[in-house]
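Step one of this worksheet: look at the structure below.
The values are calculated or read from the model by the stated rules, or taken from the named source; none is laboratory data. From a predicted model like this one, the values you see are computed outputs, not experimental measurements. Cβ placement follows ideal geometry from the backbone for every residue including glycine, while neighbour counts extend to all protein chains displayed.
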Amino acid sequence: MSRPASNGWLLVVAAVALACGGGAGTDAVPGDDVPGLDTPGDTLEPVDTAPADLPPLDDLAPDVLPPQATLQLEAPGAVRPGEPFPVIVRLLTVEGAPDVATSGTITLEDAATGAALGDVRLWHGVGSVEARVASAGQVVLRASVGPIVGTRTLTVQAAPSPRELEGELSGADLAWGPGAAVRLVGDAIVPAGRTLTVAAGVTVRGTVAANLIVRGHLVVEGTADLPAWFTADGDTPWGGVVHEAAPGTYAHALFTRGGGDAARQFGHSHSQPVLFVKQATVTLDGVAFLDNAGKGPSGDRATYVLTGGLVTRCDTGGEWESSAVTVRDSWVLEMPSADGQPADDDNDGIYLHLSLPGADGQPVASRVERSVFAVGKDDGIDQNGATLVVQRVLLAGFAHEGLATSNKGRVEATSVLATRCEQGFEVGYSADDPDPLHLVLDHVVATDNDVGFRLGDSYDKDVVGTLTVTNSIATGNRLHNVWNHVNKLDGPLEGHLSISTCMVDDSAWNGTNGNLPGTPTFDASWHLVPGTTGTGAASDGSDLGLLP
């Protein structure tokens, strides 16, 4: 098990728990006809993000685990024999928040027989696995590390006769009661002016490419103990939930094995979102998207608020067009897998293209706060023309950028750690615009990447954006801590990169604009060791690097 950082810098709130390698950089270009982007001329080597890079959890002595830690398991209340079902595991600190310091593999097993049900890879305190149980009965799921044991009771039984639905819903078909089984045999429609309520413990299974179309209102009332579960009826993916100018409120829902409707593909990676919202607002509390053929939550001119969520092993974590998105206290992991093999697709953690205009005509800022993005075959956060604020976020193990910016818009990142990516923070292709591209980094750390801070990208395109870095640290990056290189110019773009009051261990910057020479000394939480160079040296009197 690896412990690269402690909870201190991220400050993941307890609500999370209580509510519950690949080549050239590929900042997505709208309108591309192919899933992958060919970017000749890139000389960077891919970062190896294979799971083998982190030692197994068994290698960690129990006394190194956080004091009074607990393991929390979440799963559907009932499944059919042999049916794949999701299990989420969180290693929680005494404060009730996931332990972002801990990554490693644990085994999920049947507590009665000891039979292994699958390995759960924890990435910074959170992970999941798709499991199966062959025989009917009550099963106690168990995961453990040292003396810490977590269990979850699961009912395995042949499903009761489901309510089969298709077409426009009315009457009793608009209330799916506790523990109900629903089978979508085609597109089912919640009509305008009506509300569909889905109770805790409901299982919704969709046949091939079936969708739930919402034109009225959808309310999902799952709980941490009994989440609602949307999944496929069989081995072929179902479709998803589609909001057509209709709002939704989701609490504790699990979305698995969806995104299979080719007619509803969206975005530049050509897959269907499992939850798609057009011109509406949805809130999601404790909702997870796991093991889907398509994208996670996505939208067009939508307003999204995702709190305490998990998105893992989807084609893309989420893609939004002209939307306002808030991701808070959430984990986005393994896009689309953690097999360490290169992929040529836009498998971003999240991708934001343009912003939703506000009432005053100005773009509404999207926000990513107190969240973890770990392991993916493209970028952690890919901004393309959106206004964006990123605060207290961990970006780790992405084959391309931790935070990629392009096109236009203002992006502000504060107290963000980017590590084990090809490039930590990047200002990419852009053009003259009334809202020019401007990436502002303050109190961030880039370490153990190929490149820490980059002005320029892997395309032979114009770069006119600016990169401003203050109170930050870039150190221990393999090729460059700072790299001003635009492919089209075959060299730097002068006047567009500003670094002040930083430590970047680079002779071109040391001793200028308040930048300190030398290399920093970090503690286990990636803060500076007290008394070492950079402590108290920020422009506001705090330490350089991550905020407390």
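A few comments on the model shown:
- The residues in segment 267-290 that are modelled with pLDDT of 95 or more and surrounded by fewer than 22 Cβ atoms within 10 Å (Cβ to Cβ) can be counted, and the count is 6.
- Verdict on Gly146 being touching a helix residue (DSSP H, G or I) at 6+ places or on another chain (Cβ under 7 Å), surrounded by fewer than 20 Cβ atoms within 10 Å (Cβ to Cβ), modelled with pLDDT under 95 and over 24 Å from Gly286 (Cα atoms): yes
- Any hit, segment 311-318, residues being of a type in the set (Val, Ile, Thr), surrounded by fewer than 24 Cβ atoms within 10 Å (Cβ to Cβ), part of a strand (DSSP E or B) and touching a Gly at 6+ places or on another chain (Cβ under 9 Å): no
- Residue, surrounded by the fewest Cβ atoms within 10 Å (Cβ to Cβ), within segment 413-459, restricted to residues that are outside any strand (DSSP E or B) and on the phi > 0 side of the Ramachandran plot: Asp448
- Residues considered: Asp187, Asp235. Of these, the only one that is out of contact with any helix residue (DSSP H, G or I) (no Cβ under 6 Å at 6 or more places or on another chain) and more than 13 Å from Leu165 (Cβ to Cβ) is Asp235.
- Boolean, Thr405 is surrounded by fewer than 24 Cβ atoms within 10 Å (Cβ to Cβ), at pLDDT 95 or above, hydroxyl-bearing (Ser, Thr, Tyr) and assigned to a strand (DSSP E or B): no
- In segment 525-548, the residues that are part of a loop (DSSP other than H, G, I, E, B), of a type in the set (A, V, I, L, M, F, W, C) and within 15 Å of Ala446 (Cα to Cα): Trp526, Leu544, Leu546, Leu547
- The residues in segment 466-485 that are part of a strand (DSSP E or B) and out of contact with any strand residue (DSSP E or B) (no Cβ under 7 Å at 6 or more places or on another chain) can be counted, and the count is 0.
- The one condition in (1) surrounded by fewer than 24 Cβ atoms within 10 Å (Cβ to Cβ); (2) modelled with pLDDT of 95 or more that Leu352 fails to fulfil: (1)
- Selection count where residues are under 17 Å from Gly267 (Cα atoms) and of a type outside the set (Gly, Ala, Ser), scope segment 331-376: 13
- Residues within segment 155-205 that are touching a Ser or Thr at 6+ places or on another chain (Cβ under 9 Å), over 22 Å from His252 (Cα atoms) and modelled with pLDDT under 95, tallied: 0
- Hey, Val469 crowded, with 21+ Cβ neighbours inside 10 Å, touching a Cys at 6+ places or on another chain (Cβ under 8 Å) and under 22 Å from Tyr429 (Cβ atoms) or not: yes
- Which listed residue, of Leu141, Leu165, Leu108, Leu154, is assigned to a strand (DSSP E or B) and under 18 Å from Glu334 (Cβ atoms): Leu108
- Flag for Arg392 being surrounded by fewer than 23 Cβ atoms within 10 Å (Cβ to Cβ), of a type outside the set (A, V, I, L, M) and touching a Phe, Trp or Tyr at 6+ places or on another chain (Cβ under 8 Å): yes
- Scope segment 487-524; condition outside any loop (DSSP other than H, G, I, E, B) and at pLDDT 95 or above; matching residues: Gly491, Leu497, Ser498, Ile499, Ser500, Met503
- Residue in segment 233-245 that is at pLDDT below 95 and either surrounded by 24 or more Cβ atoms within 10 Å (Cβ to Cβ) or in contact with a Ser or Thr (Cβ under 9 Å, 6 or more places away or on another chain) (or both) present: yes
- Looking only at segment 499-518, residues that are surrounded by 14 or more Cβ atoms within 10 Å (Cβ to Cβ) and out of contact with any Phe, Trp or Tyr (no Cβ under 8 Å at 6 or more places or on another chain) come to 9 in all.
- Of the strands (runs of 3 or more DSSP E) contained entirely in segment 223-300, those carrying at least 1 residues that are of a type in the set (Gly, Ala, Ser) fall at 228-232, 248-251, 253-256, 288-290, 295-300.
- Of the residues making up segment 121-142, those that are farther than 11 Å from Ala75 by Cβ, at pLDDT 95 or above and buried (at least 17 other Cβ atoms within 10 Å of the Cβ) are Val126, Gly127, Arg142.
- Condition met for Leu388 (over 21 Å from Cys502 (Cβ atoms) and within 17 Å of the chain's Cα centre (by Cα)): yes
- Of the residues Thr236, Thr223, Thr249, Thr281, the single one that is polar (S, T, N, Q) and in contact with a Leu (Cβ under 8 Å, 6 or more places away or on another chain) is Thr249.
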